Structure formats: C-alpha cells, structure tokens
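Only one structure is covered here, and it is reproduced in the block below.
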Amino acid sequence: MKNLGIAVTTATLLSGATYVQAANQLETVMDLAFREMIDEGAEVTYDDRIIGGDGSVEYKNLVIADPDDETIISVAWIKGVPLTSDPETVTFTMADTLTLTAQEEGEEFTLELRTAGMSLTTNALLREAMSTDEIHVVFTADSFIIDGGDPDNEYLRKVFADLGGVDFNMLMTDDDSHVAGDINTEKFDVTYDITTDGDTQTSEQSLESVSMSFEFDVPSDEEDALGYLDGSKSAVIKMESGKAVYNSSVEAEGMAFQMTGTGAGSTAFIEMADGTFTYDVRAGTTAMTITPGENTPFPPIDISMASMVMKAVVPMNSADAADEAVLNVQVSELTVGEELWAMIDPDKTISRDPATVDIDLAAMVQIDSGVAIAGGDPLELATVHKLDVNQILLEVAGASAQADGAVTFNNDGPIPVPVGDVRIELNGLSALSNQLVSIGLLDQMEAAMMMGMVMTFAKAGKKSDQFVSEITFTKDGEILANGQPVQ
C-alpha cells in the first residue's frame, strides 16, 4: 500500500489562478487533505490511485486510521470527478459500503454505511482562496443505511438506521456569511441497543418521513453572535415529520421501564429574526404507554391527546419601544389510563372526561436583552405595559376554570400597578371537591376552606355549581371582586 506522505505536489502549484486551472487540481487538493490528516497523527493508505484524463481521482481500498481515537474508516473505492461544465465543482461517489471500526468503553465495535445511488457534489474544495462565489453542497442517495453492533458486545449490541432516499442541499452566500439549505428523508427508522456507564437503553423508532429547512447568518465570533439579539442577524429552522411508531426501554440502577407509542405527525418552526424569537411546535394525535420493569415503583401509564400546540413569540430587542409578545399553549383531549386513575380512585368516583388546556396570552413588553448580556438586574430586563388574557381554560375531571380580560400596567412607581378587568368562571368545583373528600385526597376541613374562599370572591352563576368573579384593578391600586374591595 502507498503512504500519502509521498504524494504531495509542489507548493508552486498552489498559487493564484495557476492552482485553480491546474489539470491535477483535485489530485492536489485530495493529497493535501490526506497529508494534513497524517500530520495530525492519522495513518492514510490506499492500494492504488487512478488519475483520469478528465481530472478525476479515484482511490482503491482507502483506509484512514486514527490511532489516538482507535478509529478506522475503510472503503473499497472513492472517486471524485470535476464537472466538464464547471471544473470547480466536483462530484464524489464511492462503493456501496463504508466501514467504521472504533472503540468505546473498552469495547470494539463496527458500523457499516450502506448506500445506493449516492453522490456528493460541491464546489467547496476547488474554489479560489479569495473567491466570493457561492458555495454549494448537494448530497443525494437512493438509500442510506447505518448498520452495526454485535449481540455479544457489552457496549453496542445493535444500531440500525434506515433513512431511505435522502436529498440534502446547502448554499453559502454573501462572502460565506449566510447559509441556507434543506434535507429530506424518505423515512427515519432507527433501532439501537447500547450500554453506557452501566445504563442500558434500547429503542425502535419509525417515522414516515422527515424534512427540515434551515437558514442562518454565520457570526464571525461571540460578539458578532449578539447580532441575533439586535436584529442584524437572523436564523430560522423548519421541521416536519410524518406518522411515528416507537418502542424503547431503559434499564438503569433502580429504574427500568418500556415506552411504546404512536404519533400522527408534528411540525416545528424556530426563528430568530429582527430581534424577535419565535418558537412554534405542533403535534397531532399522540398515544404513549409506559410499562414499568420489575421492582420499579410506579404503575403502567397510558397517556394520549388529540393535539398539542406550544407557541411563544418574544421580542428580544424592544428596549426602545414596546412590542407584542405571545404565549399560546393548547392540549386537547388529554387522557390518562385507568391504571393510574385506579391508584387514587378505584371506584371511579371522579369523572374520566378528557382534559383540555388552552392558554392564549398577548402582552406589550419592552425587553432589553443587553441587561441579561451584561449580567444586570433581572428586574430591569423586561417591562410589561399591557396584558391581554384572551383565554385561560383548564378542564379536568368534570370541572373547569376559565379566565379572560385585559389589564394595563402603570410603571411609574417602584412596583408595576395593574389597571383593568379579568373575569374568572368556575364550573363543577363543588362536585369535584366533594369527590376528592370522598376518596380521601382532601379532608372535609380543607374542602370547606377552599369553597369558603371561592364564595368570598365569587358569586353564583346562572348554571348549577357555577361561580363567577369579576376582578377589577383600579387606578387607585384597589382590587375589587364583583365590586367589593378585596381585604
């Protein structure tokens, strides 16, 4: 086998346009890349190197070994071909199987990357040093599988990932300061069985498809990264996955359980733009079962929900003028299995109706992120000018609590003073408190004190077992409940 240490071309070939236009440019760049690996302690060998008349370079039986990390990568062949239409762009292909051998926690393991129709096309290698052209990377594969492990291995007994077809595109523009791209996989099936620090985890997960797009400005240093807060830089990630099926287990000291479930698909949108942070995650119908192992102190748990939304919008750069912040949390038809209910209510005294959570808040705020960066007083970080309670709803066990209203804040004094009205409506509270007493979760005295407090600040509504309270915050700093001062 030939050591790449003797394959480095002369330095005169690396200057200016001569380097860019050299017929053996790809050969030179590849040799220099391997030479750098060798200088850092790796061993790089191959059986043969074939230089084509089209400027292509092919390595036969390429092996890259890092003695320090005890890692070896080997592939039967890998080939790079410059495009005739664009000599600075190279397409790489390789044998269908690439093998990685490594050691972890004193155990040696082997992984195989098996692909079909794989190609990687990029102009990143052969650009001129001072070029301002866009850098592009395109990776495609008809199939993409990672497979490895050994049933007798104490560290890695199994790892298997099947992504099906893969498409990846990335573009870097504006003098290497902006990156945009996307990745799409036909599926995402992952199985593993691994032990680390004495804890064993196994998992099987299957997603119909996964897609992600991303776009972000690249900061030059930590100080430049503050541009995300002042609005001069931006970043956005969008993700979407299809139907999911999963089955995993954990066995650790004093704890063992298995978790299975299904999901109807989910989306995620995360953005930092114009100094505003947006987080928006949504999921469809989801069901999960947690089964405890032997001697694990909790019962089987079944949880399901029809849908879930978690959204937050926070203006991080609103120190000069108030801007809108939003919080929206929705969980619909949340249910818990009978096994967990039976621990506290075996006679089914309490309603098993699905629970609902709906929180919809909007506020006008001033947030000075510079205070947090400088390590200043957290109380000076944000000033709230107005809060709109569009909806706060909690429905559980046959009872419900709902609130809506709006308040403004007088921030002239040392403590913000709210001014406005909030309406609170309680339904089924008396029945629920009696049920809690009957099953022993609440004693009679506690229930009486709780209902006494409710009736102090609320009045009976039009419906049976309904209480309504109109809370008013006056300009004078008084708090009224249904027109009566709160003492």
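Quick look at the numbers
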{"quantity": "Residue count for the stretch 263-281, restricted to those that are part of a strand (DSSP E or B) and at positive phi", "calculated": "0"}
{"quantity": "Residue match in the stretch 167-174 (condition: on the phi > 0 side of the Ramachandran plot and out of contact with any helix residue (DSSP H, G or I) (no Cβ under 7 Å at 6 or more places or on another chain))", "calculated": "yes"}
{"quantity": "Pair list, Cβ under 8 Å, 6 or more apart: the stretch 74-86 residue among the acidic types (Asp, Glu), other residue in a loop (DSSP other than H, G, I, E, B)", "calculated": "ASP86/ASN123"}
{"quantity": "Candidate set from the stretch 318-363 (those that are β-branched (Val, Ile, Thr) and farther than 30 Å from HIS385 by Cβ); member that is farthest from the chain's Cα centre (by Cα)", "calculated": "THR349"}
{"quantity": "Conditions (1) hydroxyl-bearing (Ser, Thr, Tyr); (2) outside any strand (DSSP E or B); (3) under 23 Å from GLY149 (Cβ atoms): number failed by SER220", "calculated": "(3)"}
{"quantity": "Close pairs from the stretch 277-301: first at pLDDT below 90, partner aromatic (Phe, Trp, Tyr), Cβ under 7 Å, at least 6 apart", "calculated": "PRO292/PHE257; PRO292/PHE298; GLY293/PHE257; THR296/PHE257"}
{"quantity": "Hits in the stretch 453-487 (condition: of a type in the set (A, V, I, L, M, F, W, C) and either in contact (Cβ under 8 Å) with a residue 60 or more places away in the chain or within 26 Å of LEU432 (Cβ to Cβ) (or both))", "calculated": "MET453, VAL454, MET455, PHE457, ALA458, ALA460, PHE467, VAL468, ILE471, PHE473, ALA481, VAL486"}
{"quantity": "Pairs, first among the aromatic types (Phe, Trp, Tyr) in the stretch 57-69, second part of a loop (DSSP other than H, G, I, E, B), C-beta under 9 Å, six or more apart", "calculated": "TYR59/ASP47"}
{"quantity": "Lone unmet requirement of (1) surrounded by 16 or more Cβ atoms within 10 Å (Cβ to Cβ); (2) over 30 Å from the mean Cα position of the chain (by Cα); (3) not in a loop (DSSP other than H, G, I, E, B); (4) not β-branched (Val, Ile, Thr) for GLU108", "calculated": "(1)"}
{"quantity": "Unmet criterion (only one of (1) in contact with a Leu (Cβ under 7 Å, 6 or more places away or on another chain); (2) at pLDDT below 95; (3) not β-branched (Val, Ile, Thr)) for TYR46", "calculated": "(2)"}
{"quantity": "Given (1) farther than 30 Å from ASP368 by Cα; (2) surrounded by 15 or more Cβ atoms within 10 Å (Cβ to Cβ), index of the condition GLU324 fails", "calculated": "(1)"}
{"quantity": "Members of the stretch 236-259 found to be without any contact (Cβ under 8 Å) to a residue 40 or more places away in the chain, assigned to a strand (DSSP E or B) and surrounded by fewer than 16 Cβ atoms within 10 Å (Cβ to Cβ), listed by number", "calculated": "VAL236, ILE237, MET259"}
{"quantity": "Some residue of the stretch 170-193 being under 30 Å from ALA319 (Cα atoms) and either among the acidic types (Asp, Glu) or not in a strand (DSSP E or B) (or both)", "calculated": "yes"}
{"quantity": "Qualifying residue in the stretch 117-131 (condition: over 24 Å from VAL63 (Cα atoms), acidic (Asp, Glu) and surrounded by 15 or more Cβ atoms within 10 Å (Cβ to Cβ))", "calculated": "no"}
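Yes/no matrix, rows are residues, columns are (1) in contact with a Phe, Trp or Tyr (Cβ under 9 Å, 6 or more places away or on another chain); (2) of a type in the set (A, V, I, L, M):
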residue: THR289; (1), (2): no, no
residue: PRO292; (1), (2): yes, no
residue: PRO299; (1), (2): no, no
residue: MET305; (1), (2): no, yes
residue: SER318; (1), (2): no, no
residue: GLN330; (1), (2): no, no
residue: GLU333; (1), (2): no, no
residue: LYS348; (1), (2): yes, no
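The values are calculated or read from the model by the stated rules, or taken from the named source; none is laboratory data. These numbers come from a predicted model, not from an experiment. FYI the Cβ positions are ideal-geometry reconstructions off the backbone, even for glycines, and counts take in every protein chain you see.
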